[in-house]
Amino acid sequence: MSNEKTSFVYVTYIRSTPEKVFEAITQPEIARRYWGHENVSDWKPGSAWQHVRDDAGRPVRVVGKVVEVAPAKRLVITWADPARAAEPAAYSRVAFDIAEYDGMVKLTVTHDELEAAGGMAKGIQRGWPIVLSSLKSLLETGQGIDVFAQPKEGATEKCS
C-alpha cells in the first residue's frame, strides 16, 4: 500500500455554545443521538477511546488514543479500524477545534494522516459531512438526522 497521506477539513457553524459542542462529541449518550455511535473514553491525554455502534452487540467501529484535550476548545484523537489497530501506519488523526463565533460556534474538524488510497479515506469523505450535519441539527433543533440514510435509487446528487 502507498505511503501517501491525505487529509480532509470540514467547517460548520452551529447555534450553540462551545461547552455543548464539546459535550456532544465526548458524551456517549449525546453522540448516540446524532451519530448512531458512542464515543467512549475518560478523555484524558494518553487514554484509549472507542467509537461503538449503538446496538445490542455494541461492536467497536473505531479505536484510538486521546492526544490532546482542552475542554470546549480542542480535542485531538487518533483513529483506526480495530482490525488494523496493531499497525501504527493505519492510524489517522482527528482534531476538533471549537471557537466562539459571533454568538455561534465555529467547529473545524480536521481528519489528517489518512492513507490516501485506503478505504478509511473514502469512508471519511462520505461520513463526516452527514455526521456534522446531524450534530448541527441536534444542537439547534433537538433532533439529529439519519446518518445511515442512503440516496434514493436512481437519484443523483447535483450542485446548482
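Close Cβ contacts (under 6 Å, 6 or more residues apart or on different chains) running from residues in the range 57-79 that are touching a residue at least 12 places away in the same chain (Cβ under 8 Å) and more than 15 Å from residue 110 (Cβ to Cβ) to residues that are open to solvent by 20 Å² or more (accessible area, probe 1.4 Å) and of a type in the set (Asp, Glu) comprise 72/19. Could you tell me which residue of the range 9-29 is nearest to the chain's Cα centre (by Cα), considering only residues that are closer than 18 Å to residue 129 by Cα and open to solvent by less than 40 Å² (accessible area, probe 1.4 Å)? It comes out as 25. Look at the range 128-139: where a residue is more than 18 Å from residue 53 (Cα to Cα) and a partner is of a type in the set (Val, Ile, Thr), sitting 6+ places away or on another chain with Cβ atoms under 7 Å, you get 133/145; 136/12; 136/14; 137/145; 139/14; 139/21.
Whenever a residue of the range 108-123 is touching a residue at least 24 places away in the same chain (Cβ under 8 Å), its partners that are open to solvent by 60 Å² or more (accessible area, probe 1.4 Å) and assigned to a helix (DSSP H, G or I), lying with C-beta atoms within less than 7 angstrom and at least six residues away or across chains, give the pairs 114/120. When residue 52 is tested against the conditions (1) modelled with pLDDT of 95 or more; (2) part of a strand (DSSP E or B), the lone failure is (1). Among residues of the range 58-75 being of a type in the set (D, E, K, R) and more than 17 Å from residue 31 (Cα to Cα), the one that is least open to solvent (accessible area, probe 1.4 Å) is 68. What do you reckon, is residue 149 exposed (fewer than 14 other Cβ atoms within 10 Å of the Cβ), modelled with pLDDT under 95, in contact with a Lys or Arg (Cβ under 7 Å, 6 or more places away or on another chain) and over 22 Å from residue 50 (Cβ atoms)? Criteria not met by residue 149. For the range 82-134, the candidate set comprises residues that are surrounded by 15 or more Cβ atoms within 10 Å (Cβ to Cβ) and of a type in the set (Phe, Trp, Tyr); within that set, the residue that is farthest from the chain's Cα centre (by Cα) is 91. If I ask for residues that are in a strand (DSSP E or B) and under 26 Å from residue 46 (Cα atoms), which ones from the range 87-105 would you list? If the condition is that a residue be in a strand (DSSP E or B) and under 26 Å from residue 46 (Cα atoms), then 92, 93, 94, 95, 96, 97, 98, 99 are the ones that fit. Filtered by the rule that a residue be under 15 Å from the mean Cα position of the chain (by Cα) and in a strand (DSSP E or B), the range 70-81 gives 74, 75, 76, 77, 78, 79, 80.
For the range 135-146, check the following and say yes or no: at least one residue is open to solvent by less than 60 Å² (accessible area, probe 1.4 Å), part of a helix (DSSP H, G or I) and among the polar types (S, T, N, Q). Yes, because at least one residue in the range 135-146 is open to solvent by less than 60 Å² (accessible area, probe 1.4 Å), part of a helix (DSSP H, G or I) and among the polar types (S, T, N, Q).
The values are calculated or read from the model by the stated rules, or taken from the named source; none is laboratory data. What you see is a predicted model; the values in this text were computed from it and never measured. We place every Cβ from the backbone using ideal geometry, glycine too, and count neighbours over all the protein chains shown. Just so you know, the surface numbers come from the protein's heavy atoms only, side chains and all, with ligands and any DNA or RNA stripped out. Shrake-Rupley method; radii C 1.70, N 1.55, O 1.52, S 1.80 Å.
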